[in-house]
Structure formats: structure tokens, C-alpha cells
1. Near the amide H of Glu233, under 5 Å away, which other amide H atoms are found, from residues 5 or more places off or on another chain, if H is placed in the peptide plane?
2. Picking from Ser75, Ser108, Ser62, which is most flexible by a Gaussian network model of the chain using Cα springs under 10 Å?
3. In percent, what relative contact order does the chain have, based on Cα pairs under 8 Å that are 6 or more apart in sequence?
4. With θ set to phi - 60°, apply the Karplus curve 6.51 cos²θ - 1.76 cosθ + 1.60 along segment 93-105 and write out the HN-Hα couplings as whole Hz, x wherever there is a Gly or Pro.
5. Pairs to check: Lys8/Lys334; Lys48/Lys215; Lys53/Lys179; Lys215/Lys334; Lys53/Lys215. Give those whose C-alpha atoms are more than 21 Å from each other in this structure.
6. How large, in percent, is the carbon and sulfur part of the accessible surface of the chain at a probe radius of 1.4 Å?
7. Of Arg33, Arg79, Arg90, which has the largest mean-square fluctuation in a 10 Å C-alpha GNM of the chain?
8. For the chain, what is the accessible area per residue in Å², given a 1.4 Å probe and the full set of protein chains?
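The values are calculated or read from the model by the stated rules, or taken from the named source; none is laboratory data. Bear in mind the structure is a predicted one, so any value in this text is a computation, not a measurement. Ligands, DNA and RNA are excluded from the accessible area calculation, which covers all protein heavy atoms including side chains. Shrake-Rupley method; radii C 1.70, N 1.55, O 1.52, S 1.80 Å.
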Amino acid sequence: MIDVSDLKKKYSAWSFRGRHVVEALRGASLQVRAGEVFGLLGPNGAGKTTLIKILLGVIRSSSGSASLFGEPAGSIAARMRVGYLPESLRVDRHHSARSALRYYARMSQMSGAEINRRSDELLELVGLRGRDRESVRQFSKGMYQRLGLAQALMHDPDLLVLDEPTDGLDPVGRNEVRKVIDRLRESGKTIFLNSHILQEVELICSRVAIMSHGKICVAGRIDELTQFDRFEEVAFEVAMPAPGSSAQDPAQWLRQTFPAIQFAGGTPSDPIPSATDLDAPHAMTLEFTLPLSSQSEVDDVVDGLRRNGFSLRGLKLKRESFEETFMREVSRSKETT
């Protein structure tokens, strides 16, 4: 659906020092497949909006290539199959939702019968049925964004481009827009979503690309990017061995066997009471973490604990979060720029 290869965009800019060149895109490349919700992520100034403007034909690239449906980006053939929701949609205040849809539909050369049919369908889809004849002046920002989604869908496009669709919305408004996007995904629409809100992208996108300083740092499924099969440390909860069940003092054995052990609420040098110090008939529960990064390492630790009389009560793997992945890639791009 979208194919971008080594895309570059340079601007001439002026300052008190004179003319200089700004590189908005520095060889960006990505592909978007049919039927997926693809998220483009990046900090402010990463080049996301510039990339979208090139895809829509608003501006031209300095070099590289970009195509939609196999057609050059910005061509009439490509633009006729795209619906677009800009970051700041403006609808004249005299419009109602229905009249605004009619206005945008005429720009796509739709007939009157098509406009009426699609307006009814889309007002129902975005949850504005029954309020479609009210002035947009009475709309909340969430309602305004849903109207924006409806106008982008009027001509039944194959690709929907959304620029910051939930920016500035409260939690209720974001949830409303998310539900509409979910319905569109279920209907088979391809959605290209630009955002800097990580949680939103993580909830609704099947694949993402992280962009920084005009380049695509990484792209793929979120579980791929966060290296879901790896982890950084493991938290254990164990019951201390009963008195006499181990030939060695349990606390001493833990410290000697795992030098990097970190006990909950303390340090490896803090004293650990043994089970014989307790008046209660049950063994004491102990919590600690170890810096492990593979399943085989976890298995070895569990086997060693059991051999020495410890009973495993709980185990939790600490994996890299999507936010940590994002910050790692953005930081790495700064170092190479």
C-alpha cells in the first residue's frame, strides 16, 4: 500500500546567521501492507508530518521515492484512493456534521445519492447519528475528531491517513476514536497513523515504525521491537528451607551462589533471618531479583533453589517496555546523527 525508499527532504531556511539548509528527511524507508494499522512514532521534529505531506502530494521530496498502490505519491490516481484526517481539521462553524460531509464529498465528485447513503452509514459508524444536524460549534473535540474520520471515509478510500488523531483529547475522547479505528480495521481498511502518544499506538497498531531525526530507526511488530523473548532481570519469591533440610545456611548459600542477588527492600550485605529464627510454624517467604536474560538461566536457578530446599512461590520476568524501546532507539539515533 505504501512504499517509501531512501526519501530525503531539504528546506532552505534563514536565520540571523544567514541562509542554511534544514534536512527534514534523511533517507527514510518503510513499507505498509494492505489491511494493517501501521503506526508512525517519533518525537516532535522527527519528520513524521513531512513524510505524510510527501505521501499526499502536498510537498515534493528532494530525492528518493514514495508510492501508494504502486502509483507515484501525490499523483491523482493515488490521491483518489486516500482518505486524510489532518492534525488540525477546520470545519466552517456554520456547518452541521451532515452538511460538512456533503461539502467534502462534492470535492470527491460523489453523486447526491452516494452522499446521502455514505453520510447515513458514516454518521452511524462514528456515533454522530442523531446529532448530525447540530452546528459543529456545539461539538466537543472528541466529536470533532469523529466527524473528521467520517469526512476522510466519505469516498470509501482504500487507505486512511490519520495525523495525530487523538492528540489533545481527554481519555473519553481517545477511547471513542479508538473504537472507530477498531471498526475500520475489522472492515479491512488500511490505516497509516502518525502519533507521538505511545500508549495509543501500542493499543491499536499491528506494526509500527520509530522515526527520529528524519530517519526510520526500526520497524516491525511491537513484540519484535521490544525483544519479547528476552528479559533483563527475574524476581523470585521463595519459601526458606525448613530447619535441617539444607546442609548449608540458606542465606549464605544464596549469597555465594548468586553474587549479584538483590533482596527486596535491602542489599546483598543485609542479614537474612533463617527459618529457625521464626516462631511461626511455616517457612519465611523471601523475595529477591537476579540479572538473568534467558530461559535456560532461569531454569538453572530454579533447579538450584529446589535442590537446596527452597520452595518456589512466585516468579516474574522483567521485560523491556515499549516506552523503553522508543527511548533507546531515539537516543541511539541522536548518537549517530
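1. Long-range HN contacts for Glu233: Leu292, Lys318.
2. Of Ser75, Ser108, Ser62, the most mobile in the Gaussian network model is Ser108.
3. Answer for the chain is 19 percent.
4. So the J values, rounded to whole Hz, are 5, 7, 7, 9, 4, 5, 5, 5, 5, 4, 4, 5, 5.
5. Table pairs above 21 Å Cα-Cα are Lys53/Lys179.
6. Answer for the chain: carbon and sulfur cover 47 percent of the accessible area.
7. In the Gaussian network model the winner is Arg90.
8. Accessible surface, normalised per residue, equals 52 Å².
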